[in-house]
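> This is the structure I want to talk about, given as structure tokens.
The values are calculated or read from the model by the stated rules, or taken from the named source; none is laboratory data. Since the structure is predicted, the reported quantities are computational estimates derived from the model, not experimental observations. Glycine gets a Cβ as well: all are built from the backbone with ideal geometry, and neighbour counts include every protein chain shown. Quick note on the areas: whole protein, heavy atoms, side chains included, nothing else; ligands and nucleic acids left out. Shrake-Rupley method; radii C 1.70, N 1.55, O 1.52, S 1.80 Å.
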Amino acid sequence: MAAPWRDVVRDAAAVREAAAVAVDAALLAGVLMRTGEQPRASDVVNYAPFTLLPSAVPRALFEQAYAVQQDFNLLVDAISRNKEFLEQTLASTIKVDDFTARLFRIYMQVLEEGLAQTVFLGINRSDYMFDCGVDGTAALKQIEINTIAASFGGLTSRTADVHRLVLKVLGKTEEASRLLPNNPSKGLALGIAKAWELYGSQSAVVMFLVEEIQRNIFDQRCVELELWNRNIRVIRKRFRDVFEKGSLDDTRRLYIDGQEVAVVYYREGYVPQTYDQQNWEARLLLERSRAVKCPDIATQLAGTKKVQQELSRPGTLEKLLPGHPEAVARVRATFAGLYSLDEGEEGDKIAATAIADPERFVLKPQREGGGNNLYGEELRQVLEKIKDSPERTSYILMDKIKPQPALNYLLRAHSPLQVSECISELGIFGVYVRQGQEMVLNKAAGHLLRTKAIEHADGGVAAGVAVLDTPYVV
């Protein structure tokens, strides 16, 4: 892959000047996070970490990622509506993974009672890396699809302007003009607004369900602001608030503090640590309600790693997307090798292969939020320990993707300015709205590029490993 900034990276004086401009520009543009020392306070903030220079991304792969996003939206929706597929696919996982099992129990309970919800909103982000083949050609390979709380659509909407200025400061005005416009926060808000409109109550609110401690609040505020600009009222509540103040009326409309809730947008609820007994009860109340959940619990289950692995089996995509052979081909072209660790001969064989050659694979648990995957020696040790235990079925194995590193500077508050060998991950945001059987909206809503130094195997921006970036399409 071309390295467009080779001349700049080695010019220490130019880099120092550009970095000073970049930090001020990020603060001006609102590329912000609360600090680790005062994570509840917005009066002490710093810039969110980002690259000094935009990273090269091959045009063909960038366009491929956008072209397949509507297919992935259709696929996620199809999985969420297919009770038999979710039951069969997650049968082994829910025996050993308590978190997935509890989500699944709520899913079944809500189905048995009968869905009150008639409008469905999906906001997902499909993440890819560029796998470098032996001959040096790059291929787009999917890492995962996030169906709950897919973040950084807000901050990345503001990052390209910072990189545009940096390139101008470095005398690269023409290159600056080639950075693509990108505004996921507008696209995400469009989906939420459509769902709110179809819910059909002008006085109802959109509720952002948020964490107790929210360092990444400005990312959410970007989307929130877009909704306020459409005169849609937004409230921010935690699971605790739902438990204490939430209620359903006779028609299962959801009320919090006397306000009817049209849309529940989850920015929380994807890790086991979130849930105590009260929070599980709050989650059940939300799922039983008529409010549009983003995601509803079926869509959250559709994003599990076990489902991802099952999709790679021959014939599965054809069953889920009948009559869409082109979509099936586009989706399948992005898959890396995925392997089941279920009990039996197939699972035994792949576990033994991975123990013998751990550098070939990534071991993935059923978790969102980054920082959970296992590599190399750690992968081998964990697999050795669980290879004869049912616990191994709570993981999947995936071929390790090998991207081509490039030099860049990762700008972090209070960190020295130094060049790093980096790899990038491209995420495409997708938004869809379905009313009953009819797909009302289905679109790609923008992109997110995250970059990290090659010594960090796993983890995103929120996990403190990756930084925000902008694609420079080559």
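> Which condition breaks for residue 362 when tested against (1) modelled with pLDDT of 85 or more; (2) open to solvent by 50 Å² or more (accessible area, probe 1.4 Å)?
The failed condition is (2).
> Can you tell which of 249, 257 is free of Cβ contacts under 8 Å to residues at least 40 places away in the same chain and in contact with a Lys or Arg (Cβ under 7 Å, 6 or more places away or on another chain)?
When all the criteria are applied, what remains is 257.
> With the structure loaded, tell me whether residue 463 is modelled with pLDDT of 95 or more and either buried (at least 22 other Cβ atoms within 10 Å of the Cβ) or assigned to a loop (DSSP other than H, G, I, E, B) (or both) or whether it fails that test.
In short, no.
> Can you tell me which residue within region 260-273, out of those that are among the β-branched types (Val, Ile, Thr) and within 23 Å of residue 195 (Cβ to Cβ), is farthest from the chain's Cα centre (by Cα)?
261
> State all residues of region 290-310 that are surrounded by fewer than 23 Cβ atoms within 10 Å (Cβ to Cβ) and more than 30 Å from residue 347 (Cβ to Cβ); if no residue qualifies, say none.
The answer is 290, and nothing else.
> If we scan region 71-84, do we find a residue that is open to solvent by 60 Å² or more (accessible area, probe 1.4 Å) and at pLDDT below 95?
no
> Look through region 321-347, keep the residues that are at pLDDT below 95 and of a type in the set (Asp, Glu), and return whichever of them is farthest from residue 144 (Cα to Cα).
Among those residues, the one meeting the criterion is 345.
> Quick check on region 433-448. Is at least one of its residues modelled with pLDDT of 95 or more, under 15 Å from residue 57 (Cβ atoms) and not hydrophobic (A, V, I, L, M, F, W, C)?
Yes - at least one qualifying residue is present in region 433-448.
> A further question follows. Being in contact with a Cys (Cβ under 8 Å, 6 or more places away or on another chain), open to solvent by less than 40 Å² (accessible area, probe 1.4 Å) and more than 24 Å from residue 210 (Cα to Cα) is true for just one of 92, 55. Which residue is that?
It is 55.
> I'd like to know if region 394-406 contains one or more residues that are assigned to a helix (DSSP H, G or I), free of Cβ contacts under 8 Å to residues at least 60 places away in the same chain and surrounded by fewer than 19 Cβ atoms within 10 Å (Cβ to Cβ).
no
> Could I ask something else about it? I'm checking my understanding of the structure. Among residues of region 157-182 that are among the β-branched types (Val, Ile, Thr) and out of contact with any helix residue (DSSP H, G or I) (no Cβ under 6 Å at 6 or more places or on another chain), which one is least open to solvent (accessible area, probe 1.4 Å)?
Applying the filter and picking the extreme gives 159.
> Given the conditions (1) open to solvent by 70 Å² or more (accessible area, probe 1.4 Å); (2) closer than 24 Å to residue 42 by Cβ, which single one is not true for residue 278?
(2)
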